[in-house]
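Chemist: First the structure, then my questions, so here it is.
The values are calculated or read from the model by the stated rules, or taken from the named source; none is laboratory data. What you are looking at is a predicted structure, and each value in this text was computed from that prediction instead of being measured. In this analysis, Cβ positions are derived from the backbone assuming ideal geometry, glycine residues included, and neighbour counts consider all displayed protein chains. For accessibility, only protein heavy atoms count, side chains too; no ligands or nucleic acids. Shrake-Rupley method; radii C 1.70, N 1.55, O 1.52, S 1.80 Å.
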Amino acid sequence: MTNSSTNNLTVTIPAQKLTVSHTPDVVVVGGGATGIAAAIAAARNGASTLLIEQRGYLGGMGTAALVPAFCPYTDGEKPVIRGIGLDLLEKMKHAAGEDFLNRYEQLLDWVPIDVETLKRVYDAEVLASGAQVLFHTVADQVLLDGDRISGLVISNKSGRSVVQAKLYIDASGDADLAALAGVPFQVGGENGELQPGTMCYVVTGADKNRFSQFLADIGQHPQLEELVTLAQQNGELPEGRKRISGMAWISNSVVGFNFGHVFNIDGTKAEDLTRAAIEGRQLIDTQIRFLKKYVPGFEHIFLVHSGDQIGIRETRRIQGDYTLVVDDFLSMRTFEDDIARNSYFIDIHLANAGSTMTIKHLPKGKSHGVPYRCMLPQGKSNLIVAGRSVSSDRPVQGSLRVMPNCFAMGEAAGVAASMASVKDIGFREVSIPELQRKLIEQGAYLGDNPGLAYADQEVPVGSVHYEEEN
Ligand SMILES: Cc1cc2nc3c(=O)[nH]c(=O)nc-3n(C[C@H](O)[C@H](O)[C@H](O)COP(=O)(O)OP(=O)(O)OC[C@H]3O[C@@H](n4cnc5c(N)ncnc54)[C@H](O)[C@@H]3O)c2cc1C
């Protein structure tokens, strides 16, 4: 491809008079796990709520990028992600049909995603909450009035218009609103390293019984490390991760894959996303050949669908009132203003084909708190950022980023927005004890013996556990 960019040329666009198209109490930008929970929570708690999504369906990475399974909801002993997120998981299981329900009814960790069912469940649940949804709409400019956002410019087939809300929830996954509003942020590691992207996909025509028999016969781990290594040695798979990390059986013949990496992709750059889409599809072709040739049970597979976009694990992390750091994770710290618990391991994928994964688990049954302040961007009063771009260091982002956590953070942001809307205040004035009480009443889990503001208790700091794999 030729590079036709002309970075030094600029054009001044004439000032535009735009219609104010919507005046909700709360606007949520981004209809992924975070935005779905935020919109449902805000609307259920009485705020008029508008959810804006650039695609024609909800689900973000879990549907658009075909991420094939939900990460664990439990800490190995009990669910730590409850509330709206858990309810949506259960609704998907029940809506996906008898076969799916029979397979996964008892499971809360690594439940495969039936994408088309999940899209319909999300539609139904968001609409039932009373939130309004606007698809095919991009939020591309914020209007500022001191420390407040006074309007959000949206673009869609109807043209450009302005949403004037009291409260703004950035659930874009990339902290787009925060960046547009001038909130400071970091991207990736100190040397600009970023987790790779993965183009996920779904195949049909697999034979689960034959595959299971093969695993039993040779005693191999389902991630097929030996076969992947052999194919890499034979030049039939590229170098990089030595195993298939995500293989999700949706039925006995339909399988979702989260396999392999595309490196050096900044998900906030259109050129990188374009290259990743093309490279990702080429990689899938290579992988399908590998699966057919090397893996019993996959000889007759047929590629049904690849992601509408490459899956992006990491972009911006905002600078918030508190930055959650790896020591908080390892010491399983509880904060007075916790709005969720996290027990998912630190899961940082290799930044290039020659490096390794960073994995650190907490002990079974353990978790740490996620403080409300991580979601409050410095310098802005009526903006909250939830999801994978909250204020954290890079290792913690590698853990917080998964969908169950995004549901929990989104739910808290939505409840806080509804409370701020009623009192006409900013996010920092929201009463933390009242927010925590509401979250717990509505099914969220904030710990068994929390030292939370609402409980007014001392906070015990847990012991440190540090485990390095790979
Ligand atoms: C390859 C890969 C594998 C993963 N594996 C797992 C896994 O197995 N299990 C798990 O639970 N998690 C997994 N994750 C993590 C998880 O999928 C994401 O981190 C999570 O979905 C983030 O949720 P979110 O709602 O914050 O953002 P997203 O899912 O990215 O959703 C953001 C939404 O906002 C929309 N949007 C963005 N900007 C704008 C804008 N300006 N205007 C309008 N709309 C906008 C997007 O279209 C999108 O729908 C994986 C991620 C990747 C990439």
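Chemist: Mean separation of Cα pairs under 8 Å and 6+ residues apart, divided by the residue count of the range 201-306: what relative contact order is that in percent?
Modeler: Over the range 201-306, the number comes to 42 percent.
Chemist: Convert each backbone phi in the range 81-98 into a coupling constant with the Karplus relation 6.51 cos²θ - 1.76 cosθ + 1.60 (shift: θ = phi - 60°), then list the ³J(HN,Hα) values in order as whole Hz, x for Gly and Pro.
Modeler: 9, 10, x, 4, x, 5, 4, 5, 4, 5, 5, 4, 4, 6, 7, 7, x, 4
Chemist: Now, a different point. With a Förster radius of 41 Å, plug the Cβ-Cβ distance of His221 and Ala270 into 1/(1 + (r/R0)^6) and report the FRET value to the nearest 0.05.
Modeler: 0.60
Chemist: For the range 102-156, what does the equivalent ellipsoid look like in terms of its semi-axes, each the square root of 5 times an eigenvalue of the Cα gyration tensor, given largest first in whole Å?
Modeler: Computed over the range 102-156, the values are 36, 14, 12 Å.
Chemist: Can I ask one more? Through the Karplus equation 6.51 cos²θ - 1.76 cosθ + 1.60, θ set to phi - 60°, convert the phi angles of the range 124-132 into ³J(HN,Hα) values in whole Hz; use x for Gly and Pro.
Modeler: Those phi angles translate into 4, 6, 5, 5, 4, 6, x, 6, 9 Hz.
Chemist: In what sequence, highest mean first, do 400-408, 80-88 appear when ranked by Cβ atoms within 10 angstrom?
Modeler: Sorting 400-408, 80-88 by mean packing, highest first, produces 400-408, 80-88.
Chemist: Okay, helix-only estimate at 222 nm for the chain: each DSSP H run of n ≥ 4 adds -39500 (n - 2.57), divide by all residues, round to 500 deg cm²/dmol; what do you get?
Modeler: -9000 deg cm²/dmol
Chemist: Please compute, over every Cα-Cα pair in the range 294-343, the percentage with a separation greater than 17 angstrom.
Modeler: So the portion of pairs separated by more than 17 Å is 66 percent.
Chemist: Moving on. Please list the equivalent ellipsoid semi-axes of the range 201-306, computed as the square roots of five times the alpha-carbon gyration tensor eigenvalues, in descending order and whole angstrom.
Modeler: Output for the range 201-306: semi-axes of 25, 16, 11 Å.
Chemist: To the nearest Å, what is the center-to-center distance of the range 369-397 and the range 100-159, using C-alpha atoms only?
Modeler: 19
Chemist: On average, how much accessible surface per residue is there in the range 85-187, in Å², for a 1.4 Å probe, leaving out ligands, DNA and RNA?
Modeler: 45
Chemist: Anything over 32 Å Cα to Cα? Flag those among Lys269/Lys438; Lys78/Lys380; Lys293/Lys366; Lys78/Lys423; Lys93/Lys360, in the order listed.
Modeler: Lys269/Lys438; Lys78/Lys380; Lys293/Lys366; Lys78/Lys423
Chemist: Next question. What's the ranking of 243-252, 373-382, 389-398 by average number of surrounding C-beta atoms within 10 Å, highest first?
Modeler: Per-residue mean Cβ counts within 10 Å order the peptides as 389-398, 373-382, 243-252.
Chemist: Calculate how many DSSP beta bridges within the chain are antiparallel, expressed in % of all such bridges and rounded to the nearest 5.
Modeler: Expressed as a percentage, antiparallel bridges in the chain total about 70.
Chemist: Averaged over every viewing direction, what's the projected area of the C-alpha convex hull for the range 307-465? Give it in nm², one decimal, please.
Modeler: 10.7
Chemist: So what are the ³J(HN,Hα) numbers for the range 390-403, from phi and the Karplus equation (6.51, -1.76, 1.60; θ = phi - 60°), rounded to whole Hz, Gly and Pro as x?
Modeler: So the J values, rounded to whole Hz, are 5, 6, 8, 7, 5, x, 5, 4, x, 10, 5, 5, 7, 4.
Chemist: Further question: Suppose every K and R has +1 on its Cβ and every D and E has -1 on its Cβ; what is the size of the dipole of the chain about the Cα centre, in Debye to the nearest 20?
Modeler: 840
Chemist: Tell me, rounded to the nearest percent, the portion of alpha carbon pairs in the range 135-226 spaced more than 23 Å apart.
Modeler: 56
Chemist: Right, something else. What does the accessible area per residue of the range 201-306 come to in Å², with a 1.4 Å probe and no ligands, DNA or RNA counted?
Modeler: 49
Chemist: A follow-up question, please. How much of the accessible area of the chain, in percent, comes from carbon and sulfur atoms when a 1.4 Å probe is used?
Modeler: 49
Chemist: Can I ask one more? Do me a favour and compute the ellipsoid semi-axes for the chain from its Cα gyration tensor, root of five times each eigenvalue, largest one first, whole Å.
Modeler: The answer is 35, 27, 22 Å, longest axis first.
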